[in-house]
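Contents: one structure, followed by commentary.
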């Protein structure tokens, strides 16, 4: 069906007359021009869309009503869409990938602000074991939230949080003497490392090496929450990142910030460089937290 003919049909149905429809059109058109649009649409469909009930009044036939009910919302939405495009406000689905720890402890409040400000934007979240920049390059993600050791030239970043390393050990037993933890004292205790996230695993090992500790790794896990569960069960100790000054919290676990040297690293919002701004990414960045 020709969109121009459907437009004439819409205005005749709304105004219940050809002369009134011509006056209501968003651009100049004659009454015969409107009549011709409707007649051609009826010829195309092979059905009668209007019946005359007065000298200058027409109403929809049952089949015309069926067509109007389906087309009117689409046509009316076109004007709303035009205004949004001209105004620069674009809704849609924002594809975000982030580590599980960040999805649980950083993203909820961020997304709450975004939803309150831009209800026209929906967010598709994917939990990632590490910052996979190839997802941005292939267009499978619009925004990644994570730490990266180096920032490539084809992406842009903004720091949205800072994460610090914390020693975590079972609250029971000799590991937490007088509420204090010591990495050298934990050297003989089994170590629980990250499994899938190679970047976090490298950070763990670098921090231990800086303190002269060679870990005896016995267990590995894919998330900080799982590692804390292993620690609480008394299976060993670990280093985990935390975004808050209070550090990680879990029953039966003692946590202590790693000092001298500190293990601190930035968490970035990461997006692909493009020739023009990405309206959904820009909307998300407007609501992003600051370190």
Task: Over the chain: Rg over Rh, Cα atoms, Kirkwood Rh - done: 1.29
- [ ] Please report 146, 225, 43 as a ranked list, fewest other C-beta atoms within 10 angstrom at the top and most at the bottom.
- [x] 43, 225, 146
Open item on the list: Give me the one-decimal nm value for the distance between modelled label points at residue 30 and residue 77, 7 Å along each residue's Cα-to-Cβ direction.
Closed with: 3.6
Open item on the list: Sequence gap at least 6, Cα distance under 8 Å: using those rules, report the relative contact order of the chain to the nearest whole percent.
Closed with: 20
Task: Neighbour-count order for 90, 160, fewest beta carbons within 10 angstrom listed first - done: 90, 160
- [ ] Classify the stretch 80-139 as rounded, prolate or oblate from the Cα gyration tensor: take a ≥ b ≥ c as the square roots of its eigenvalues, call it rounded if a/c is under 1.5, otherwise prolate when a/b beats b/c and oblate if not.
- [x] oblate
TODO: Please report the Cα spread of the stretch 3-87 along all three principal axes, rounded to whole Å, starting with the longest.
DONE: 42, 25, 20
Open item on the list: Compute the helix-to-body angle for 107-117: its Cα long axis versus the longest principal axis of the chain, expressed 0 to 90° and rounded to tens.
Closed with: 20
- [ ] Could you tell me whether the stretch 136-291 comes out rounded, prolate or oblate from its Cα gyration tensor? Rule is a ≥ b ≥ c as square roots of the eigenvalues, rounded for a/c under 1.5, then prolate if a/b exceeds b/c, otherwise oblate.
- [x] prolate
Open item on the list: Using Cα-Cα distances under 8 Å and only pairs 6 or more residues apart, what relative contact order does the stretch 1-107 have, in percent?
Closed with: 22
Task: Antiparallel bridge percentage (DSSP; both residues within the chain; nearest 5) - done: 60
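Bear in mind that the values in this text are calculations on the coordinates, not laboratory data. These figures come from a predicted structure and were not determined experimentally. For neighbour counting, all protein chains shown are included, and Cβ atoms are generated from backbone atoms with ideal geometry for every residue, glycine included.
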